[in-house]
């Protein structure tokens, strides 16, 4: 109770924010929310399942907490926590976790991807396609090393359009290998990779692709 004739002290921002809420905010709740956000941020950018150990290392959280939070996220996305079901789901596959679009929405996703095939490819996409075409099968890190820039997002775009696809893993590093697809040949109107135009001649900085391809062939042989 305030003293007579004295105005009460104004409420702090924290008190205002918590007004009307029956549930107090605890540090543990904030930590849990933070971990959920961190996990979602990582899961949104990976293009292959990521393990609990990798996520624990990235977030600095205990593996047990990471595993429990992943299960809670999966339930949330499935609508089991009282929230509406999402258009994507969190699955545990191949020893890791990854976000996927729901199979029930495959027709919508396919329609979007197919219509996107006609979109003009950027210079970065053309450069990346040239590297993959000449050096396939090739890892994303090799593509990035040749182009001199991170190529992950470009590779994801090309894969989503069906122009490149996974082709096993590198026996030495375990990294995913990529190669061009039959759809790319169909789109370009050619019957084989031998008929592809010499893209490197028209892409500044990539003129040595043919030589690199010969070196790779010699190494594999």
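The values are calculated or read from the model by the stated rules, or taken from the named source; none is laboratory data. A quick note: this is a predicted structure, and the numbers were derived from the prediction, not measured. With ideal geometry, Cβ positions are generated from the backbone for all residues, glycine too; neighbour counts draw on all protein chains shown.
Only residues that are exposed (fewer than 14 other Cβ atoms within 10 Å of the Cβ) and touching a helix residue (DSSP H, G or I) at 6+ places or on another chain (Cβ under 9 Å) were counted across region 83-94, and they come to 3.
Within region 79-86, the presence of at least one residue that is outside the structural domain of residue 176 (by TED's automatic domain parsing) and under 19 Å from the mean Cα position of the chain (by Cα) is confirmed.
Return the residues of region 55-72 that are touching a helix residue (DSSP H, G or I) at 6+ places or on another chain (Cβ under 7 Å) and either in a loop (DSSP other than H, G, I, E, B) or under 27 Å from residue 176 (Cα atoms) (or both); say none if nothing qualifies.
Correct list: 55, 56, 58, 59, 61, 62, 63, 66, 67, 70.
When 189, 162 are checked against the criterion of being surrounded by fewer than 17 Cβ atoms within 10 Å (Cβ to Cβ) and either at pLDDT 90 or above or out of contact with any strand residue (DSSP E or B) (no Cβ under 6 Å at 6 or more places or on another chain) (or both), 189 stands alone in meeting it. Only residues that are modelled with pLDDT of 90 or more and either farther than 17 Å from residue 176 by Cα or part of a loop (DSSP other than H, G, I, E, B) (or both) were counted in region 106-149, giving 1.
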